[in-house]
Amino acid sequence: MNAPDLFFNGGKFGSGQAVRRIEDPALVQGQGRYTDDVQPAGQVFVRFVRSSFAHGLLRGVDVDAARAMPGVLAVYTGADLVAAGVKPLPPAAGFKQADGQAMSPPPRLALAVDKVRYVGEAVAAVLAETREAARAAADAVFVDIDPLPSVAGAAQAVAEGAPQVWEGAPGNVLAEARHGDAAATDAAFASAAHHISLDLVNQRLAPSTMEPRAVLAWVEEGRLLVRLSSQMPTGVRSGLAATLPGQTPESIRVLVGDVGGGFGMKTALYPEDVVTAYAALALQRPVKWQAERLEDFLTAVHGRDLISRAEMALDAQGRVLALRIASLANVGATPTGAGVAIQLLIGPWVSTSVYDIPNLSLHIRAVLTNTAATGAYRGAGRPEAIYTVERLMDAAAAQLGLDPAELRRRNLIRPDQFPYRNPMGQTYDSGAFESLLDQALNLADWPGFAQRRAEAQARGRLRGRSVATFLEWTGGNALEENVQVRITADANGEGWVELTSATMAMGQGIATSYAQLAVDVFGVPIERIRILQGDTDRANGFGSAGSRSLFTGGAAVRVASLAAVDAAKPLAAEALEAPVADIEFHAGRFNVVGTDLAIDLFELAGRQPGAAITAAGGAKASAPSWPNGCHVCEVEVDPGTGQVDVVAYASVNDIGRVISPVIVRGQIEGGAVQGIGQALCERVAYDADSGQLLSASYMDYALPHVDGFRAFQTTFDESAPCLTNSLGAKGVGELGTIGATPAVVNAVVDALRSAGLGPDAARVQMPLTSETVWRALQRDFGAPVLPASF
């Protein structure tokens, strides 16, 4: 499907215009409505009792004292829920073990039974009239656990003699995947002039949403209603129906109000959601759980956690012949389906990135450990894959004595190669990779770097630079979306266009983009557009993940809006006493061609039964989109302390057609800040011996600060629109994160190389804290990431 030329008529509020976010006024005035803001009469509170051991036999849970405490309504254990018919949460599936058998994951129980497998796993739930009473009673629950040996790291978990997390995963390997052609890749390496090998760590990260998880459940007219902070309301409904006894999707209504950030962490159904909903059914009272920040650190899904031995083969001219990568993916103790698929399938799709690399061999093992599960986190597998190939490209450039930009240029996919099929069988529809490289080098003043480095050296600083050319995959998790349109008017003639979608706002500004698309079609003021989301009784679909909301949902907005205009034309013809063929629509009015007869859209709606005109429409993309970019970063390093400062960051980004310039700039730059966070400071850390979480608060888990780098130079290239959807738009939400991490790390490596470290500079591992960088300058790179025999 070719993206058509779109003739927008939205004026200063339509597509392509810099419109202020329509979501912001209510939020900045404190009028947002988050889950914990909803306070139904008679609500009660749940408090979870959690395991303090990473691994152990659950001998017993004594709840008698807690049940007797004032204000306590109920105390549930895992055995209680099993007896009541509560099923395990939907398991990870779809992958195989080395012997070809289907993987056998441990059950994801709402409350633990018989054994605990990570610190923070819930073993009991206390229901009480107040939060304080629930907390006090939870402290009175006695949990008897016989500790067992635990393992927290993937490399340690696959070592001989490691503690076994689950009997269904021998050697702690839950599943594995092999991609590409191993024999052809080995042959390419055998004939190569140059061979690069790096051991790389993509450390575990904690999604840090402003609003922690929250869920409120109650029964109304015999149905279960669940309000929570989620990116995927329909998925929550389906998961609850599969888990709770006697429930079906039709008996459950999921509501989502304002969401204070998601980043992928709020795509999953959690044990706490199941317990809260079960308690509401059992008690016939509204039940609320609001996570404390500690609970999110302990039990919300984490991101990344991949270690790899990555190899690249090149010929004498710097053409990449092959990639060979072996990886261990730490998926935690009770893995999610997304956590496994992200590392075994989704990340590999972009392994060769924007480069014409003919041979590929990947071997990835999903490893169980006594840690929290991993899952979707901004980028979801693509950051790990792009980081790997970009680190290899810079190391290769250094070994060959080439400018890193020149090495990339020699390997970029050319425009005449599109549509391009990569070694993973994925087809890129469009792109202008070399053009983006040229634009970014110009924007960053690449030739002027030597002078800037000399100036930094005169100030006692080490300056480094890097360029990252890359792409990502978006929208392919669900290619179809539907939207309902309702045009209404009140007795005073005030009217609105309401659009209902199953995608979900979570701070990314999607309502503004949808409203701009609607203005294109209806030509009414943007304040007359209302975007409705977060109600499974009104709309159901995949939700918002994988940068799909505009790619699929935006296309559906346009289709449904056009359908509404078409549905209104016969009504306008009747009102104006003219043939339908003579009716045209422009700027919110229907008129008879060649006359001054006209009727306003909202006036027309007001004349209809129910004072409304309704329509629906859907859009289906033919394939995923492949947004891409070129990011150039410069850093300065204080050799005395190891402190790293990002001092320049320029990027040129291809996201196809730009619908909302303000939104996409915020997405690229905000995403880049998250990527910088991984590069420089963020890391989830577990104690290797006890499995205790060492980074369980923001005292120990560092985020990038507002006083960090802000002087981004960000531009967009719309010369290669997406050809797989009707808007010509590509996803944007994760692109900045994916490019920033390798750009920053490679710039630091370049700075260290200039200090005389040579090839050893590439041995540094994220996060590049001041201590890590200082130690590297002393040639202290810590213990090897992987054994030599890996």
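The values are calculated or read from the model by the stated rules, or taken from the named source; none is laboratory data. Predicted model only: the values in this text are computed from it and were never measured. FYI the Cβ positions are ideal-geometry reconstructions off the backbone, even for glycines, and counts take in every protein chain you see. Note: areas computed on protein heavy atoms with side chains; ligands, DNA, RNA excluded. Shrake-Rupley method; radii C 1.70, N 1.55, O 1.52, S 1.80 Å.
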Sorting V143, V123, A83 by the position of each Cα along the dipole of region 81-162 (Lys, Arg +1; Asp, Glu -1; all at Cβ), the one nearest the positive end of that ordering is A83
With just the Cα atoms defining each centre, how far is region 733-790 from region 523-586? Give it in Å.
50
Can you list the trypsin sites (Lys or Arg not before Pro) in region 454-502 that are in a DSSP coil and have 13 or fewer other beta carbons within 10 angstrom?
R459
Taking a probe of 1.4 angstrom, what is the accessible area of V113 in Å², to the nearest 10?
50
What stretch of the chain, leaving out the sites themselves, is the longest with no GluC sites (Glu not before Pro) in a DSSP loop having at most 16 other Cβ atoms within 10 Å?
293-493
Quick shape check on region 620-708: root eigenvalues a ≥ b ≥ c of the Cα gyration tensor, a/c under 1.5 is rounded, otherwise prolate if a/b tops b/c, else oblate, and it reads oblate
Tell me the relative contact order for the chain as a rounded percent, counting alpha carbon contacts under 8 Å between residues six or more apart.
16
Amide H of D535: which non-local residues (sequence gap of 5 or more, or other chain) have their own amide H closer than 5 Å, using H built in the peptide plane?
V256
Can you divide the C-alpha Rg of region 1-130 by 2.2 N^0.38 Å and report the result to two decimal places?
1.76
With just the Cα atoms of region 376-502, tell me how far they stretch along each of the three principal axes, in Å, largest first.
73, 42, 31
Just check region 396-450 against the gyration tensor rule for me: Cα atoms, a ≥ b ≥ c as the square roots of the eigenvalues, rounded for a/c under 1.5, and otherwise prolate or oblate depending on whether a/b exceeds b/c.
oblate
Lys/Arg +1, Asp/Glu -1 at C-beta; the chain dipole; positive extreme among L768, L601, A432
L768
Can you give me the long-range amide H partners of F470? Hydrogens built in the peptide plane at 1.01 Å from N, cutoff under 5 Å, separation of 5 or more residues or another chain.
G629
As a test, work out the antiparallel percent of DSSP beta bridges whose residues both lie in the chain, rounded to the nearest 5.
80
What ³J(HN,Hα) values, in whole Hz, does the Karplus curve 6.51 cos²θ - 1.76 cosθ + 1.60 give for region 760-775 when θ = phi - 60°, with x put for Gly and Pro?
4, 4, 6, 7, 5, 10, 5, x, 8, 5, 4, 5, 4, 5, 4, 5
For region 575-624, shape from the Cα gyration tensor axes a ≥ b ≥ c, cut at a/c of 1.5 then a/b versus b/c, turns out oblate
Give me the percent of DSSP beta bridges within region 293-374 that run antiparallel, rounded to the nearest 5.
45
Counting all Cα-Cα pairs in region 112-256, those more than 20 Å apart amount in percent to 74
Using unit Cβ charges (K, R positive; D, E negative) and no other charged atoms, how large, in debye to the nearest 20, is the dipole of region 218-320 about its Cα centre?
120
Can you give the helix-only mean residue ellipticity at 222 nm for the chain, where every DSSP H stretch with n ≥ 4 adds -39500 (n - 2.57) and the sum goes over all residues, rounded to the nearest 500 deg cm²/dmol?
-8000 deg cm²/dmol
Quick one: divide the alpha-carbon radius of gyration of the chain by 2.2 N^0.38 Å and tell me what you get.
0.99
Taking Cα centroids, how far is region 604-652 from region 48-110 in Å?
38
When the accessible area of region 541-667 is split by element with a 1.4 Å probe, what percent falls to carbon and sulfur?
53
Result for region 14-67: accessible area per residue, probe 1.4 angstrom, in square angstrom, of 53
Positive-pole candidate from G401, G332, Y355, dipole of region 276-428, charges at beta carbon
G332
Centroid-to-centroid separation of region 674-716 and region 405-446 [C-alpha atoms, Å]:
30
Charge dipole (debye, nearest 20) of the chain; +1 at Cβ of Lys and Arg, -1 at Cβ of Asp and Glu:
640
Quick calc, region 671-746, dipole around Cα centre from Cβ unit charges on Lys, Arg (+) and Asp, Glu (-), nearest 20 debye, gives 220
Hey, what do the phi angles of region 341-350 turn into as Karplus ³J(HN,Hα) couplings, whole Hz, using 6.51/-1.76/1.60 and θ = phi - 60°, x for Gly and Pro?
5, 4, 8, 8, 9, 5, x, x, 4, 10
Quick one: divide the alpha-carbon radius of gyration of region 493-543 by 2.2 N^0.38 Å and tell me what you get.
1.17
Please turn the phi angles of region 156-164 into ³J(HN,Hα) values with the Karplus equation 6.51 cos²θ - 1.76 cosθ + 1.60 (θ = phi - 60°), one per residue in order, whole Hz, x for glycine and proline.
5, 5, 9, 6, 4, x, 5, x, 8
